[in-house]
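Single-structure report; data block below.
The values are calculated or read from the model by the stated rules, or taken from the named source; none is laboratory data. As the structure is a prediction and not an experimental result, all values here were calculated from the model. Positions of Cβ are generated from backbone atoms using ideal geometry, with glycine treated the same way; all protein chains shown enter the neighbour counts. Protein only, heavy atoms only, side chains kept; ligands, DNA and RNA dropped before computing areas. Shrake-Rupley method; radii C 1.70, N 1.55, O 1.52, S 1.80 Å.
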Amino acid sequence: MTVDYKLMGKRLAKIRKSCGLTQEKLAEMTDLANNYISNIENNRSIPSLETLMRICNALDVTPNEVLLGVSVNSSDYMTEEFGLILKKCTPSERNLIIDFAELLISHREK
């Protein structure tokens, strides 16, 4: 599988804009140069893996979304994964997990 860097740049720009960020703000958040963000978005530069991860973290997206256009919302993924785990539990184990989660949330809110 090859990555279409032109499309990647377009996706990156679209995601950045949907987050309400300018190139300048994204550059500031990732400690990159503004013109480098522009170069990536316009297919004049290919980011390293480390740089791509910094950008993805700043935009709160997965690399798959930027590289391949495949959106896997991390919270949706975790919900699905957690659901699969719960299916393996007995009813009493599920209740215990719910009680524990409620305890964690109540502790966090203090």
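What the table below lists for this structure:
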{"quantity": "CD proxy at 222 nm, helix term only [per DSSP H run n ≥ 4: -39500 (n - 2.57); per residue of the chain; nearest 500]", "calculated": "-22000 deg cm²/dmol"}
{"quantity": "Rounded tilt (10° steps) of 5-18 against the dominant C-alpha axis of the chain", "calculated": "60"}
{"quantity": "Gained length - Asp60 relative to Asn35, 0.36 nm times residue gap less alpha-carbon distance", "calculated": "6.9 nm"}
{"quantity": "Charge tally in the Cβ shell below 15 Å around Cys56, where Lys, Arg are +1 and Asp, Glu are -1, Cys56 excluded", "calculated": "-1"}
{"quantity": "About the Cα centre, charge dipole magnitude for the chain (Lys/Arg +1, Asp/Glu -1 at Cβ), debye", "calculated": "360"}
{"quantity": "Taking the chain and dividing mean pair separation by its residue count, relative contact order in percent (alpha carbons under 8 Å, at least six apart)", "calculated": "24"}
{"quantity": "For the chain, convex hull of alpha carbons as volume per residue, Å³", "calculated": "137"}
{"quantity": "Rounded percent of accessible protein surface that carbon and sulfur make up, the chain, 1.4 Å probe", "calculated": "56"}
{"quantity": "Accessible surface, per residue, of the chain when the full set of protein chains is kept, probe 1.4 Å, Å²", "calculated": "72"}
{"quantity": "Label-to-label distance, nm, for residues given as Glu28 and Ser45 (7 Å Cα→Cβ offset)", "calculated": "1.8"}
{"quantity": "Candidates Leu68, Leu52, Leu84: whichever shows maximal mean-square fluctuation once the chain is modelled as a Gaussian network with Cα springs under 10 Å", "calculated": "Leu84"}
